[in-house]
Amino acid sequence: MPSEKHTAVKYYIGVDVGSASVRAALVDGAGMVVAHAEQPIQVWEPRPDHYEQSSADIWAACCSVTKEVVRGVDASQIRGLGFDATCSLVVVDKQFQPLAVNCEELARIVGEGWLLL
C-alpha cells in the first residue's frame, strides 16, 4: 500500500495600514482568505485641517491584528509577511524611538545632518 504524504498548509499574512485602521489577512497557498482582523487607529486633529497619528498606536495595531489572524496556526506554516502602508512614514531617532514629522522637528534633524529618503 502506498504511503500517504501529508503536506502542511502554507499561509501568508498581509497587513494593510490605512488612514483609519489596520487590517490583516491570513491567506492560504490557494489564495483563500482564512482569517482577517481589523483594528481602528486613533487620529488627532490639534487644529483645523491638521491631523496626527501615533506611530506607537499604529505599530500596536499591526501587532494586534497579526496575532489575531495567526491564532492557532503553527509558525512553521507561515511562509511570508507583507505590509502596505500608504501615506505612512515613521522617522526614528538613534534609539529607534519615533520622532514627530512636522516643520520644527524636520528642521532640527536636517540641521543635525540626518538624511531623509
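Quick note: the coordinates plus some simple rules give every number you see, no bench work behind them. Because the structure is a prediction, the values reported are computed rather than measured. For neighbour counting, all protein chains shown are included, and Cβ atoms are generated from backbone atoms with ideal geometry for every residue, glycine included.
Counting 0.36 nm for each residue step from His50 to Ala20 and taking away their Cα separation leaves a gain of 9.3 nm. Close amide-amide hydrogen proximity is noted between Val34 and Leu26, Val27, Asp28, each under 5 Å apart and 5 or more residues distant or on a separate chain (H modeled in the peptide plane; Pro and chain starts excluded). Counted by Cβ distance under 15 Å from Val65, the other residues give a net charge of -2, where Lys and Arg count +1 and Asp and Glu count -1. The value of relative contact order for segment 11-86, using C-alpha pairs under 8 Å at least six residues apart, is 40 percent. Computed from the C-beta positions of Thr86 and Ala8, the FRET efficiency with R₀ = 30 Å rounds to 0.35. Stretching the chain fully between Gln97 and Glu68 yields a gain of 7.9 nm (0.36 nm per residue, less the alpha carbon separation).
Backbone geometry of segment 53-59 corresponds, through the Karplus equation with coefficients 6.51, -1.76 and 1.60 at θ = phi - 60°, to 3J(HN,Hα) couplings of 9, 9, 4, 5, 5, 5, 5 Hz, x marking Gly and Pro.
Among Glu68, Glu52, a tally of other beta-carbon atoms within 10 Å of each Cβ gives an order, fewest to most, of Glu52, Glu68.
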